[in-house]
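Structure first, commentary second.
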Protein chains: 2
Amino acid sequence: MDFDILQPLLKKGLTTKIVLLVMDGLGGLPISPGGKTELETAKKPNLNALAEKSVLGLQQPLLAGMTPGSGPAHIGLFGYDPIHYAIGRGVLSALGVDFDLQPNDVSARGNFCTVDENGIIIDRRAGRIPTEKGAQLCTLLSENIKIPGVEVILTPEKEYRFVFVLRGPGLNGEVSDTDPQSTGKKALQAEPFSPDSKKTSEYIQEFVRQANDVLKNQSPANSLVLRGFSQLPKWPRFNDVFGLRSLAIAMYPMYRGVAKLVGMTVMPAAQSMEEEIDMLEQNWNNYDFFFVHIKKTDSYGEDGNFDAKVGIIEQVDALLPRILALKPDVLLVTGDHSTPAKMRSHSWHPVPTMLYSELCRPDGIREYGERACLKGSLGPMFPSYDLMPLALAHANRIEKFGA
Amino acid sequence: MDFDILQPLLKKGLTTKIVLLVMDGLGGLPISPGGKTELETAKKPNLNALAEKSVLGLQQPLLAGMTPGSGPAHIGLFGYDPIHYAIGRGVLSALGVDFDLQPNDVSARGNFCTVDENGIIIDRRAGRIPTEKGAQLCTLLSENIKIPGVEVILTPEKEYRFVFVLRGPGLNGEVSDTDPQSTGKKALQAEPFSPDSKKTSEYIQEFVRQANDVLKNQSPANSLVLRGFSQLPKWPRFNDVFGLRSLAIAMYPMYRGVAKLVGMTVMPAAQSMEEEIDMLEQNWNNYDFFFVHIKKTDSYGEDGNFDAKVGIIEQVDALLPRILALKPDVLLVTGDHSTPAKMRSHSWHPVPTMLYSELCRPDGIREYGERACLKGSLGPMFPSYDLMPLALAHANRIEKFGA
């Protein structure tokens, strides 16, 4: 829904409570024809019992046939159209390593790479150097690079990947990639897209020059490329848009990061699903909206481990009574996208979704699963960003439109 | 999907194969209440068996309640929003007679008509003169009209209809119709919509002046009107937009024409459905995308011949094993629009659609028919232009969006 339409309709002073329970990569596929998906396979008496009192359907995270990354997928669940509210690659990388990005920082995703004597890239991943080696190189660069006027902060990710952050006054992220995204080419110049980013592009060029000098005798990682220069987006804040006091509970940096991106209050990293529910209980009275993120459904999907993904869903089912005991006005159960173990990757398939509230009009579905959701009243392919207005409505938080 | 969003997500170097099998005018209606549609009536064991391994739904060619012509209906199946990518009437007429339209040609749809002694149109179809008479008049005009600087090419269609083509340097189709589309009025002046089309409008006026002189003693076809001046549209090419090598296989000019319009390679006219499948087999290794068009479902629908339309669907069902033997990664089965025999015309009813792939999430539907498709996971009214991104996704050809 257009935020401008919603704004004047939000009721004030309410304390009804909404829980958004996200099992990452929840949607699945049968391993063989005629079989069941991960969710259909899981024994889930509590989720199924809730289905009887809920409305169900399948949400589409982006557009037909498009597979979302974690960032856009969550932005959609938070009620923002993820095509319109796009997050820069550099910002996502920074969120993923729990980097505390400041409003003026410019971040980028970096790769260590291998170049030949003419500077031509011959391996974009520097032979997939070990993670420790990548970390050493980040330290080496940090110790040796000095650029007057700005600070450069390098944070290692996995293997050849790192996060580049430029911090200082007057920076602007509208700068082109140095990563040509193929071998057989030299790294590109970081060019400003506007006069406002000229100074930033010069800092980046100076960093690249010094970095190449520091790395030149290393092997195989004797150079680097950067892409996705970006800054924290200036979006309307979740709490303002929806009139809620929101709290995010997650175990992994990326998900706490996207919640922070829209201005939610974010809990420190939980160490287990049980601790996530502890946090929910402990903070119940101080917030209206709770985003609870379960990671391992996606991890096992990416591993191709069908049975372990089923197991996580069953563990979530066992935790459900603790959530219901809090008597949320609205409980949304969904995933951010599908990660079928069969595909070992994110996919475009719509995501089984259930909305429980005393005000929902039950649609007669008695199971929470892909095929059961198909017959539900939310439809087989509704946009993920419709969930927030639906949740607000079922929490009795939206006035009627027009007299 | 916005082509600019899709472009950077297309995977390179893949050879997965997609077949788009279009039964023209496939959607139907029961002849009497409580009955079955043409597709529901047909014995189609192969299509039904495929349904069990597919996702199903009903696609909407345009907007709710809008009935498409063949041009827009196919443009939608090819992944272009047919409301945005509109084809000029003149261009469509030229495609329909297999005219080899060149990029600078200006074409229009022409009617021979009858005018009184004051030039007032009294019959817009000149008493529906026989097709041979229309052809003779085209020849008579071609032999007698001379306009310095341009060539006029007239191609007879059926009865009083013909295709007008102006060929020469610097032409521009932004010119108003001479056809007032009602009787009791004089033909209109061809006016330029922009300075760039002034010269073209003058050529057209000169053609009209000379044509009226040549026709003045004919009866009843003593004049003519022209409408839908247009040129080949400058659209992004299908192969570039979707990263595919495409081949079109069809029996009739219109369908080979719309495929050519988006830049597909087009086979010579096939003489039978069997020959169409021969062509598919023979060219299997050289293309990634195959548009196969079946005409007669529509022809019999237009004739009001329910049983004959059923028969064509059964013939297609019998040919299906030959297509499946090629092991396409994705097989789309649909129509371009509905042509219920009961209505003897195109209609707005959504079109039963089936997408088969090993990566689809089967939705438990065991029949390919209008009512069965209603329960499918593609939904009851999805836009036809979503089929191309869905096909690409199921052929594993789209990278994820965002990280």
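Annotations
- With all pairs of different C-alpha atoms in the average, the Kirkwood value for the hydrodynamic radius of the protein assembly as shown is 30.0 Å.
- For q = 0.14, 0.17, 0.30 Å⁻¹, Debye-computed log10 I/I(0) when each Cα of segment A:50-105 counts as one equal scatterer: -0.51, -0.67, -1.22
- For the protein assembly as shown, the mean residue ellipticity at 222 nm estimated from helices alone is -9000 deg cm²/dmol, where every DSSP H run of n ≥ 4 contributes -39500 (n - 2.57) and the total is divided by all residues, rounded to the nearest 500.
- Relative contact order of chain A, taken over Cα pairs closer than 8 Å and 6 or more residues apart, is 34 percent.
- Candidates A:PRO350, A:PRO195, A:PRO82, ranked by Gaussian network fluctuation over chain A, Cα under 10 Å, top entry: A:PRO195
- The eigenvalues of the Cα gyration tensor, multiplied by 5 and square-rooted, give segment A:99-189 an equivalent ellipsoid with semi-axes of 23, 17, 12 Å from largest to smallest.
- Longest DSSP-loop-exposure-free segment, chymotrypsin sites (Phe, Trp or Tyr not before Pro), chain A, at most 14 other Cβ within 10 Å: A:194-400
- Mean projected area in nm² (Cα convex hull; one quarter of hull surface) for segment B:111-162: 4.1
- Ratio Rg/Rh, restricted to segment B:356-400 and using Cα atoms, in which Rh is the Kirkwood radius: 0.99
- As computed over segment B:214-261, the Cα convex hull volume per residue (Å³): 120
- When the convex hull of its Cα atoms is projected in every direction, mean area for chain A (nm²): 21.5
- Considering only chain B, percent of DSSP beta bridges that pair antiparallel, nearest 5: 60
- Surface/4 estimate of mean projected area, convex hull on alpha-carbon atoms of segment A:249-403, nm²: 10.5
- Net charge of Cβ neighbours under 13 Å - reference A:THR15; Lys, Arg +1; Asp, Glu -1: +4
- Estimated vicinal HN-Hα couplings, Hz - segment A:335-344 in sequence order (Karplus 6.51, -1.76, 1.60; Gly, Pro = x): x, 7, 6, 9, 9, x, 4, 4, 9, 6
- Summed side-chain charge close to A:ASN172 - residues other than A:ASN172 whose Cβ falls under 15 Å, Lys, Arg +1, Asp, Glu -1: -1
- Tail weight of P(r) past 17 Å, computed on alpha-carbon pairs of segment B:118-252, percent: 65
- The calculated pair-distance distribution of segment B:277-329 uses every alpha carbon pair, bins of 5 angstrom beginning at 0, and gives 4, 17, 25, 19, 14, 12, 7, 2 percent.
- As computed over segment A:70-144, the Cα convex hull volume per residue (Å³): 162
- Computed from phi, the 3J(HN,Hα) profile of segment B:181-191 under the Karplus parametrisation 6.51, -1.76, 1.60 (θ = phi - 60°) reads 6, 7, 8, x, 10, 7, 4, 8, 6, 7, 9 Hz, with x in place of Gly and Pro.
- Between A:ASP177 and A:GLY228, the built amide H atoms are under 5 Å apart, and every one of these is 5 or more places off in sequence or on another chain.
- Global form of segment B:205-317, assessed from the alpha-carbon gyration tensor, a/c cut-off 1.5: oblate
- Just so you know, the Rg over Rh for segment B:133-182 is 0.99, from Cα atoms, with Rh as the Kirkwood radius.
- Other residues whose C-beta falls under 14 angstrom from the C-beta of B:LEU47 contribute a net charge of -2, scoring Lys and Arg +1 and Asp and Glu -1.
- Cα gyration tensor, segment A:32-82 - rounded (a/c under 1.5), prolate or oblate: oblate
- Cα-Cα over 19 Å, subset of A:LYS44/B:LYS53; B:LYS158/B:LYS185; A:LYS296/A:LYS342; B:LYS17/B:LYS234; B:LYS158/B:LYS234; B:LYS43/B:LYS296: A:LYS44/B:LYS53; B:LYS158/B:LYS185; B:LYS17/B:LYS234; B:LYS158/B:LYS234
- For B:ARG161, solvent-accessible area (1.4 Å; no DNA, RNA or ligand), Å²: 60
- Largest-first principal axis extents of the Cα set of segment B:10-56 (Å): 51, 22, 14
- Taking segment A:271-403 and dividing mean pair separation by its residue count, relative contact order in percent (alpha carbons under 8 Å, at least six apart): 19
- Normalised convex hull volume, segment B:48-205, alpha-carbon set, Å³ per residue: 181
- Å² per residue, accessible surface of segment A:238-318 at 1.4 Å: 35
- Three semi-axes of the equivalent ellipsoid, segment A:327-395, Cα gyration tensor, whole Å, largest first: 23, 14, 11
- Each residue of segment A:79-94 was assigned a 3J(HN,Hα) from its phi angle through the Karplus expression (A = 6.51, B = -1.76, C = 1.60, θ = phi - 60°), giving x, 9, 5, x, 6, 6, 8, 7, 9, x, 4, x, 4, 4, 4, 5 Hz with x at Gly and Pro.
- Cα gyration tensor category, rounded, prolate or oblate, for segment A:1-117 with a/c compared to 1.5: oblate
The values are calculated or read from the model by the stated rules, or taken from the named source; none is laboratory data. Everything numeric in this text was worked out from a predicted model, so none of it was measured. Cβ: placed from backbone, ideal geometry, glycine included. Neighbour counts: every protein chain shown. Accessible surface areas use protein heavy atoms only, side chains included; no ligands, DNA or RNA. Shrake-Rupley method; radii C 1.70, N 1.55, O 1.52, S 1.80 Å.
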